[in-house]
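The values are calculated or read from the model by the stated rules, or taken from the named source; none is laboratory data. The shown structure was predicted, so the numbers you read here are calculated from the model rather than taken from an experiment. As a convention, Cβ positions derive from the backbone with ideal geometry for all residues, glycine included, and neighbour counts pool all protein chains shown. To get the accessible areas, we keep the full protein, side chains included, count just its heavy atoms, and leave off ligands, DNA and RNA. Shrake-Rupley method; radii C 1.70, N 1.55, O 1.52, S 1.80 Å.
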Amino acid sequence: MERVSDASLAAWLRLTLTRGLGLDAQRRLLSAFGPPERVFAASGPAIAAAIGDKAARLLAAFDDDAAIARTLDWARQPGNHLVTLADAAYPQALLEISDPPTLLYVKGRVELLNRRALAIVGARNATAQGAQTAEQFARELSRGGLTIVSGLALGCDAAAHHGALDGPGSTIAVIGTGADRIYPPRNQDLARRVAAQGAVLTEFPLGTPALRENFPRRNRIISGLSRGVLVVEAAARSGTLITARLAGDQGREVFAIPGSIHSPLSKGCHQLIRQGAKLVDDARDILSELQPDAPPARAAPTCVTDDASALLDAMGFDPVGIDLLAQQTGLTADTLSAMLLSLELERRVALLPDGRFQRIR
């Protein structure tokens, strides 16, 4: 990435760090005057004519040079980048949305910002099956060449980042805090790994804490960076559905994975499918649409025996306990436990928190 002068970056930071000056006013100034250096060289009346008297006064009253100095120091550290709307590295996909961020704070590989990407999102309180599905799809799609975008939350987001790091597509974590703060704290290690192998991105200034209102804003970047959004699990009233709605508004494809009719975390996916989202049950469905020239993703080898195949048939796709399986198959609990462990290691079944098992594929 070409080095931008500190003086130029300082002007971009002054523009974006002015409290109360929103994205719309920032864009109007850039449209009227060009780069921020020219904005600040313009007269007060000219600026007021572009954005109004109140916003012009806010811009003139900026007095946080210390924040600019701190941010420039941050940007000098290896792996840290400030990416402005004028940079070649700025993600072109974000320029297609109605409210692209003026400035991005990036830790990691900026070249990923312009790779073909897919967002994978889902419930924070994901089931074991949901987390495994998110990780499996992310791994196969990353191996197929797609960069996986998600929000670094617990549950499906974290699982998607883990899976994507196993492939060359890697991953981008879009966060709702400053780049120097990670939320939730439990994902600190994952964030460091993503920054080392992929990229962590935010539009929020350094020091911004985890504020509830910032996460819906973050979601528009998750969908905006991507050519499509895959929803793995979501309740009927879920923040995940906000990302799916934003994706539709932005002209992105929306994909959803169906689940058990008995699971509350399948309700949102089924709702999306009824509204026109594309039902998928294989990563190749997405690759064929978004990455048609990529080689097919290789499925993990399996060694399912005839007995195990019969057990999978008996399970169906709803949660089931060992006692009921013993009645259905005539097998002992010890035999079933051994078979289920083997199938769990092959990621064909998942052990649920309540002790029951559920078939994944």
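Tally up the residues in region 195-218 that are farther than 19 Å from Ala134 by Cβ and part of a loop (DSSP other than H, G, I, E, B), please.
Residues that pass the stated criteria total 11.
Does at least one position in region 32-49 carry a residue that is within 33 Å of the chain's Cα centre (by Cα), farther than 12 Å from Ala10 by Cβ and in a helix (DSSP H, G or I)?
No - not one qualifying residue is present in region 32-49.
Being within 19 Å of Ile286 (Cβ to Cβ), among the aliphatic types (A, V, I, L, M) and in a helix (DSSP H, G or I), is that true of even one residue in region 175-194?
No: zero hits.
Among residues belonging to region 1-31 that are part of a loop (DSSP other than H, G, I, E, B) and out of contact with any helix residue (DSSP H, G or I) (no Cβ under 6 Å at 6 or more places or on another chain), point out the one that is modelled with the lowest pLDDT.
Glu2
Does region 33-51 contain any residue that is at pLDDT 95 or above, open to solvent by 50 Å² or more (accessible area, probe 1.4 Å), within 17 Å of Gly178 (Cα to Cα) and small (Gly, Ala, Ser)?
No, the conditions are met nowhere in region 33-51.
What residue, among those in region 300-319 that are over 32 Å from the mean Cα position of the chain (by Cα) and among the aliphatic types (A, V, I, L, M), is modelled with the lowest pLDDT?
The residue in question is Val304.
Name the residue that is modelled with the highest pLDDT, counting only residues in region 278-299 that are assigned to a loop (DSSP other than H, G, I, E, B) and open to solvent by less than 60 Å² (accessible area, probe 1.4 Å).
Within region 278-299, the match that is modelled with the highest pLDDT is Val280.
Select from region 83-113 the residues that are touching a helix residue (DSSP H, G or I) at 6+ places or on another chain (Cβ under 9 Å), open to solvent by 30 Å² or more (accessible area, probe 1.4 Å) and under 17 Å from Val194 (Cα atoms) and list them in ascending order.
If the condition is that a residue be touching a helix residue (DSSP H, G or I) at 6+ places or on another chain (Cβ under 9 Å), open to solvent by 30 Å² or more (accessible area, probe 1.4 Å) and under 17 Å from Val194 (Cα atoms), then Lys107, Arg109 are the ones that fit.
Where in region 59-155 are the strands (runs of 3 or more DSSP E), entirely inside, with at least 2 residues that are of a type in the set (S, T, N, Q) and in contact (Cβ under 8 Å) with a residue 24 or more places away in the chain?
80-84, 147-150
Please determine, by comparing only the residues of region 233-246 that are within 12 Å of the chain's Cα centre (by Cα) and under 20 Å from Asp281 (Cβ atoms), which one is modelled with the highest pLDDT.
Across region 233-246, the extreme among qualifying residues is Ala244.
Consider Asp73 against the criteria (1) under 20 Å from Ala179 (Cβ atoms); (2) of a type outside the set (Phe, Trp, Tyr); (3) surrounded by 19 or more Cβ atoms within 10 Å (Cβ to Cβ): it satisfies all of them except one. Which criterion is unmet?
Looking at each condition in turn, Asp73 falls short on (3).
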